[in-house]
Amino acid sequence: MTELTVVVGIFLFIMFVVFVGSPFALWFQAAVSSANVGLVNIIFMRFRKVPAKLIVDAMITATKANLQITSDQLEAHFLAGGNVIRVVQALVAASKANIALTFGRATAIDLAGRNVLEAVQMSVNPKVIETPKVSAVAKDGIQLLATTRITVRANIDRLVGGAGEETILARVGEGIVTTIGSAENHKMVLESPDMISKRVLEKGLDSGTAFEILSIDIADVDVGENIGAVLETDRAEADKKIAQAKAEERRAMAYAKEQEMLARVQEMRALVVEKEAEIPMAIAHAFRSGNLGIMDYNRIKNVEADTNMRTSIAKENASEKKEIK
């Protein structure tokens with residue numbers, strides 16, 4: 001009987017440690033901290049696979065900060081995949097900073113994938129975002145490289161569904177390009193760089209984003225290349241290549257015509273040679289047929305000789321006149 005009592009006692013002790021001991025310690029911790037977490041609820045958290053210590057710690061933090069939150073709300077947020085401690089810390093920070101932030105909105109921001117604690121801290125302490133160098137060209141063709149610092153504050157009401165920092169950077173970059181591009185010359189921008197920030201702020205670039213733009217400050221403006229001169233040079237080079245191509249085309253056409261004329265001349269010369277070769281044959285045929293006598297042939301030769309002599313004399317006279325001139 002005694003041995004049975006010892007076994008039962010050991011079993012009850014183990015059951016107490018497993019099912020009651022740890023929950024009892026958490027319940028006692030919550031009770032002395034005035035956190036409203038029941039012992040039965042702590043025991044059932046184990047069956048719901050909810051870390052009881054996490055919920056109790058979060059409830060103690062919320063109670064000490066006078067936040068009206070129940071353990072059921074924290075359990076529901078944990079089961080939904082949220083960060084319970086971060087939400088409670090964000091609510092405490094918002095309460096101390098007099099920022100209107102409800103538990104429902106905080107959990108919605110957390111479940112949306114945003115850091116709600118960081119958002120609250122950004123509402124109190126604005127964040128400075130530095131843009132990369134934005135390249136823009138003024139109307140006189142000079143390129144300017146501008147770097148800006150954007151001071152933003154988180155907008156709690158637009159954190160869910162609002163655009164992020166990338167949108168802010170893109171919009172500010174677009175505003176810088178537009179402002180510099182509308183300037184008559186780059187000297188105007190260098191003399192008063194604040195014209196960029198003023199015009200960009202007037203556009204309301206924080207609309208639809210999770211931030212509120214407090215200021216846009218120009219950190220640096222550098223002069224880049226003379227884009228206008230580069231474009232003119234490229235255009236002149238392109239015109240030059242076009243003119244060269246057209247000249248080459250005309251030269252090729254002229255060369256083709258010249259070759260065609262030479263071919264025609266060669267053809268005519270071949271025809272003349274062919275006809276001249278037929279003359280002796282015709283003369284021989286005339287001799288054989290009796291249509292041409294020796295005297296007639298001699299007269300023809302005399303005429304040819306006289307013609308050649310006159311042609312030679314005419315060439316000599318023409319060359320002498322050229323020398324005199």
Scan the range 291-299 and give yes if some residue there is in a helix (DSSP H, G or I), among the basic types (Lys, Arg) and within 30 Å of residue 135 (Cβ to Cβ), otherwise no.
-> no
Scan the range 144-162 for residues that are modelled with pLDDT under 80 and under 19 Å from the mean Cα position of the chain (by Cα) and report the count.
-> 0
For residue 76, are the conditions met, namely being over 18 Å from residue 114 (Cα atoms), surrounded by fewer than 16 Cβ atoms within 10 Å (Cβ to Cβ) and of a type in the set (A, V, I, L, M, F, W, C)?
-> yes
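The values are calculated or read from the model by the stated rules, or taken from the named source; none is laboratory data. Quantities reported herein were computed from a predicted structural model and do not represent experimental measurements. Note that each Cβ is placed from the backbone with ideal geometry, even for glycine, and that neighbours are counted across all protein chains shown.
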